[in-house]
Amino acid sequence: MTRLALFLAIGLVALGACAPIPTTVDASGEPVRAKVYRLSGANAARVQFRMLDSVNSLRQTAGLVPVELDARLNAAAATHARDMAVQNRPWHFGSDGSSPIDRALRAGYDGTVLGENISETFETELETLSAWMDQSGTREVIMNPAARAMGFSWYQESGGKIWWTLVMGG
């Protein structure tokens, strides 16, 4: 194998490991590149309040008290979303070994952290909420009767992948 062929083979393997932009299939079976859901600083508040309103609608339907956005929990969520992207894996521990409780304390939150939901996806915040509600563990975080505060944020990579973090506090 020539050096050029080896270089190309390694390059193709490396590209295959990158997360692709999701595609759908049209009526004829041909792949159609999906539109990437783009987030920006300009719509950050709208995204957070859309999530808050949706969470509170679900909670109200279940007879639970609403939660309020907490700037400190938002900061903890933003820090973790970015850190998951840096680590390239969705999990609850920071690259420094921090837990959701550690991150909330660092952000100045003095309440109780009741749980954290995370996601690595190309989906919107409402699609992500729907996926969380379909799983018992993540649904329990959102529907915790003791919750009074919520933090919600994300980090979006240049390719469109979004790292979502939701933290509930009491």
Self-check item: Candidates Val36, Val47, filtered to the one that is within 16 Å of Ile162 (Cα to Cα), β-branched (Val, Ile, Thr), in a helix (DSSP H, G or I) and modelled with pLDDT under 95
Solution: Val47
Exercise. Would you mention how many residues in the range 134-170 are among the acidic types (Asp, Glu) and assigned to a helix (DSSP H, G or I)?
Key: 1
Exercise. Of the numbered conditions (1) of a type outside the set (Ser, Thr, Tyr); (2) touching a residue at least 12 places away in the same chain (Cβ under 8 Å); (3) touching a strand residue (DSSP E or B) at 6+ places or on another chain (Cβ under 9 Å), Gly137 fails exactly one; give the number of that condition.
Key: (2)
Quiz item: Of everything in the range 51-63 that's within 19 Å of Leu126 (Cβ to Cβ) and of a type outside the set (S, T, N, Q), which residue is most open to solvent (accessible area, probe 1.4 Å)?
Solution: Asp53
Quiz item: modelled with pLDDT under 95, of a type in the set (A, V, I, L, M, F, W, C) and open to solvent by 40 Å² or more (accessible area, probe 1.4 Å) - does that describe any residue in the range 70-78?
Solution: no
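Output the residue which, of all residues in the range 82-133 that are β-branched (Val, Ile, Thr) and not in a helix (DSSP H, G or I), is modelled with the lowest pLDDT. Working first, answer last.
In the first step, residues of the range 82-133 are kept if they are β-branched (Val, Ile, Thr); the result is 86, 101, 112-113, 118, 121, 124, 128.
After this cut, where a residue has to be not in a helix (DSSP H, G or I) as well, the list is 112-113, 118, 121, 124.
Details: Thr112: 98, Val113: 98, Ile118: 97, Thr121: 85, Thr124: 90.
Only one residue fits best here, namely Thr121.
The values are calculated or read from the model by the stated rules, or taken from the named source; none is laboratory data. Because the structure is predicted, anything quoted here is derived from the model rather than measured. Heads up, the Cβs are rebuilt from the backbone with ideal geometry, glycines too, and the neighbour counts pull from every protein chain shown. When the accessible area is computed, the model is the full protein with side chains, heavy atoms only, and any ligands, DNA or RNA have been set aside. Shrake-Rupley method; radii C 1.70, N 1.55, O 1.52, S 1.80 Å.
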